[in-house]
Amino acid sequence: MHQDQDFAQFIVRIKQKTAIDLSQYKEAQMKRRLTTLRMKHGFQSFDEYWMAIEKNRSLMNEFLDRMTINVSEFWRNPSRFEVLQKRFLPELLNTTNRLKVWSAACSTGEEPYTLAMILSELGVLQRTTLVATDLDAGVLQKAAEGSYLERSLRDVPPACIQKYFKQSEGAYLISDQLKQHIQFKQQNLLHDAFDDSFDLIVCRNVMIYFTEEAKHLLYHKFAKALKPGGLLFVGSTEQIFSPSQYGFETADTFFYRRVSN
Ligand SMILES: C[S@@+](CC[C@H](N)C(=O)[O-])C[C@H]1O[C@@H](n2cnc3c(N)ncnc32)[C@H](O)[C@@H]1O
């Protein structure tokens with residue numbers, strides 16, 4: 001079978017089995033990553049690799065783990081979180097008493113816990129609904145456990161380490177007080193329906209992996225999921241070109257505001 005056809009067929013089979021549509025991810029990157037993985041196991045083609053994956057749950061889990069890149073950090077790009085804390089959250093709180101916030105593609109939880117700490121520091125965590133979602137059930141489990149190594153706390157303000165973590169056997173555990181405020185759920189951004197009426201959607205460092213068509217649809221879905229005046233906060237390589245076509249205006253670097261109807 002021709003190489004392209006081999007990969008195309010693999011994409012169809014994965015979609016049928018998992019509802020994950022690999023064709024909505026940038027092809028060159030995805031193909032390179034999965035080719036390395038299949039060759040590590042000595043499979044000559046994606047056809048052979050598929051047969052093995054179908055029979056072996058741990059190969060399937062490894063595949064899912066590799067296709068989703070899970071790297072995350074607390075306060076990733078700290079200056080942007082400073083803008084969120086000092087400017088945008090107070091602005092949103094001028095217009096509403098209760099906040100609804102979504103960390104979309106939250107990976108192992110560093111992002112929603114960063115949001116929870118900031119909201120707690122502003123004294124509004126109790127009045128906030130904070131939802132965190134990801135495609136990968138494995139990372140969601142780690143997020144719910146909330147156990148981190150010291151090196152991942154590099155950008156957490158020392159006062160927040162004191163207040164929101166407790167140390168146990170070399171690990172830093174997120175306090176129960178924060179944990180109970182976050183609802184973790186599995187969700188595929190490219191397939192599942194979205195909730196609505198959000199004041200803030202944080203979706204960072206995942207859209208870079210998607211095709212232009214997939215991003216286009218996603219921006220429309222995010223705009224619909226936000227309240228008028230609500231904000232979309234994206235990653236530091238993910239600026240939206242012509243945000244007005246989705247009903248957004250640029251509020252600051254990497255922040256987009258849904259324009260009121
Ligand atoms: C690099 S991490 C980003 C984590 C965090 N947002 C940050 O910026 O640090 C990308 C995450 O996107 C998730 N992901 C990939 N495709 C997805 C999809 N279609 N729907 C939801 N999450 C997805 C992966 O499982 C992974 O946890």
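Would you check if LEU125 is open to solvent by less than 20 Å² (accessible area, probe 1.4 Å) and in the same structural domain as ARG204 (by TED's automatic domain parsing)?
Considered against the rule, which asks whether it is open to solvent by less than 20 Å² (accessible area, probe 1.4 Å) and in the same structural domain as ARG204 (by TED's automatic domain parsing), LEU125 comes out as yes.
If you take the residues of segment 34-45 that are open to solvent by less than 50 Å² (accessible area, probe 1.4 Å) and either among the basic types (Lys, Arg) or within 13 Å of PHE63 (Cβ to Cβ) (or both), which of them is farthest from the chain's Cα centre (by Cα)?
PHE43
Identify the residue in segment 49-75 that is touching a Gly at 6+ places or on another chain (Cβ under 9 Å) and open to solvent by 60 Å² or more (accessible area, probe 1.4 Å) and, among all such residues, is nearest to the ligand (Cβ to nearest atom).
Applying the filter and picking the extreme gives ASP65.
So is GLU111 outside any strand (DSSP E or B), modelled with pLDDT of 95 or more, closer than 19 Å to GLN187 by Cβ and open to solvent by 10 Å² or more (accessible area, probe 1.4 Å) or not?
yes
For segment 160-191, give me the residue count where each residue is open to solvent by less than 50 Å² (accessible area, probe 1.4 Å) and within 21 Å of HIS220 (Cα to Cα).
The qualifying residues number 4.
Within the set of pairs 6+ apart or on separate chains, which have a first residue in segment 170-189 that is away from the ligand (no atom under 16 Å from the Cβ), a second that is open to solvent by 40 Å² or more (accessible area, probe 1.4 Å) and part of a strand (DSSP E or B), and C-beta atoms under 6 Å apart?
Listed pairs, sorted by first residue: ALA171/SER147; LEU173/SER147; LEU173/LYS166.
The values are calculated or read from the model by the stated rules, or taken from the named source; none is laboratory data. These numbers come from a predicted model, not from an experiment. Note that we place each Cβ from the backbone using ideal geometry, even for glycine, and neighbour counts take in every protein chain shown. Each accessible area value is taken on the protein alone, full model and side chains, heavy atoms only, with ligands, DNA and RNA left out. Shrake-Rupley method; radii C 1.70, N 1.55, O 1.52, S 1.80 Å.
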